[in-house]
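Undergrad: First the structure, then my questions, so here it is.
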Amino acid sequence: MKLRILIKAFLLLLILGLSSCLKQRVELDETQWGDNAHITSVVLFKYVEVTNQLGYDKPVTGYQNVAVPTPTNIVDKEKFTVTLQAEKGADLKNIGIRFSHFAKLIEPINGAPIAGVISDFSNGPFQYRLTSADGTIRDWTVHVSVMP
């Protein structure tokens, strides 16, 4: 008898506990963060094939994400531009780009390569649209070249 009462009480508490998760208690006000449609830094990268023993009988081959040195790396928050000059000899047809930002969304526009994917950056400039949590939208222009 006591076991039935305990089981019923447990089930009631479980149902009440789970149903409390169904309603959102506090609305999230995304406007409180203000305008964050800015890029803070940019990195060009490439993949390099690496082989390691890793304690196995045969070597294991994979790819490592390696930054492409960019002696000129200028982020202009007033003009919404990024200027990157890779070291002499860099292959702009086989690199990727990674952004650091506080925006809610960053997306390529006008045919720009997708961030994080190895692409052809030899025919720029490229445009990326940043949307901040408060709804501010800013189009940034990224110039990528190789040092002479």
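Undergrad: Counting only residues that are more than 18 Å from SER41 (Cβ to Cβ), among the aliphatic types (A, V, I, L, M) and assigned to a strand (DSSP E or B), how many does region 106-119 have?
TA: Result for region 106-119: 1.
Undergrad: Also: So, in region 4-37, exactly how many residues are over 24 Å from ASP139 (Cα atoms), part of a helix (DSSP H, G or I) and modelled with pLDDT under 70?
TA: So the count comes out to 4.
Undergrad: Let me ask something else about it. If you take the residues in region 76-102 that are surrounded by 14 or more Cβ atoms within 10 Å (Cβ to Cβ) and within 17 Å of the chain's Cα centre (by Cα), which one is nearest to HIS143 (Cα to Cα)?
TA: Applying the filter and picking the extreme gives VAL82.
Undergrad: If you don't mind, there's one more thing I want to ask. Mind checking which residues of region 120-148 are part of a strand (DSSP E or B), of a type in the set (S, T, N, Q) and closer than 27 Å to GLY34 by Cα? Steps first, please.
TA: Our first condition is that a residue be part of a strand (DSSP E or B); within region 120-148, this holds for 126-131, 137-146.
Applying the additional criterion that residues be of a type in the set (S, T, N, Q) yields 127, 131, 141, 145.
Once the filter is applied, which keeps residues that are part of a strand (DSSP E or B), of a type in the set (S, T, N, Q) and closer than 27 Å to GLY34 by Cα, region 120-148 yields GLN127, THR131, THR141.
Undergrad: Across region 118-146, what is the total count of residues that are within 15 Å of the chain's Cα centre (by Cα), surrounded by 18 or more Cβ atoms within 10 Å (Cβ to Cβ) and closer than 17 Å to VAL82 by Cα?
TA: Going residue by residue through region 118-146, those that are within 15 Å of the chain's Cα centre (by Cα) are 118, 128-132.
From what's left, surrounded by 18 or more Cβ atoms within 10 Å (Cβ to Cβ): 128, 130, 132.
Still in the list and also closer than 17 Å to VAL82 by Cα: 128, 130.
Count: 2.
Undergrad: How do the strands (runs of 3 or more DSSP E) wholly within region 38-88 filter down when requiring 1 or more residues that are at pLDDT below 90 and closer than 27 Å to GLY124 by Cα: which remain?
TA: Correct list: 39-52, 60-67, 72-76.
Undergrad: Follow-up. Considering only residues that are free of Cβ contacts under 8 Å to residues at least 60 places away in the same chain and either among the aliphatic types (A, V, I, L, M) or farther than 17 Å from LYS46 by Cβ (or both), which ones fall in region 80-105? Reasoning before the result, please.
TA: We begin by selecting, within region 80-105, every residue free of Cβ contacts under 8 Å to residues at least 60 places away in the same chain; these are 89-98, 105.
Selection gives ALA90, LEU92, ILE95, ILE97, LEU105.
Undergrad: Which condition number does ALA115 fail, the rest of (1) touching a Phe, Trp or Tyr at 6+ places or on another chain (Cβ under 6 Å); (2) surrounded by fewer than 16 Cβ atoms within 10 Å (Cβ to Cβ) being met?
TA: For ALA115, the exception is condition (2).
Undergrad: Test of understanding: among ILE95, ILE74, which residue is of a type in the set (A, V, I, L, M) and touching a Lys or Arg at 6+ places or on another chain (Cβ under 9 Å)?
TA: Numbers: ILE74 fails: touching a Lys or Arg at 6+ places or on another chain (Cβ under 9 Å).
Answer to the check: ILE95.
Yes/no per residue for (1) farther than 25 Å from ARG129 by Cα; (2) in contact with a Pro (Cβ under 7 Å, 6 or more places away or on another chain):
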position	(1), (2)
VAL50	yes, no
LEU54	yes, no
TYR63	yes, no
VAL75	no, no
ALA103	no, no
ILE114	no, yes
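Undergrad: Taking the options VAL66, VAL50, VAL60, VAL117, name whichever one is touching a Leu at 6+ places or on another chain (Cβ under 7 Å) and of a type in the set (Val, Ile, Thr). Walk me through it before giving the result.
TA: Values: VAL66 fails: touching a Leu at 6+ places or on another chain (Cβ under 7 Å); VAL50 fails: touching a Leu at 6+ places or on another chain (Cβ under 7 Å); VAL117 fails: touching a Leu at 6+ places or on another chain (Cβ under 7 Å).
Sole residue among the options that is touching a Leu at 6+ places or on another chain (Cβ under 7 Å) and of a type in the set (Val, Ile, Thr): VAL60.
The values are calculated or read from the model by the stated rules, or taken from the named source; none is laboratory data. Quantities reported herein were computed from a predicted structural model and do not represent experimental measurements. Note that we place each Cβ from the backbone using ideal geometry, even for glycine, and neighbour counts take in every protein chain shown.
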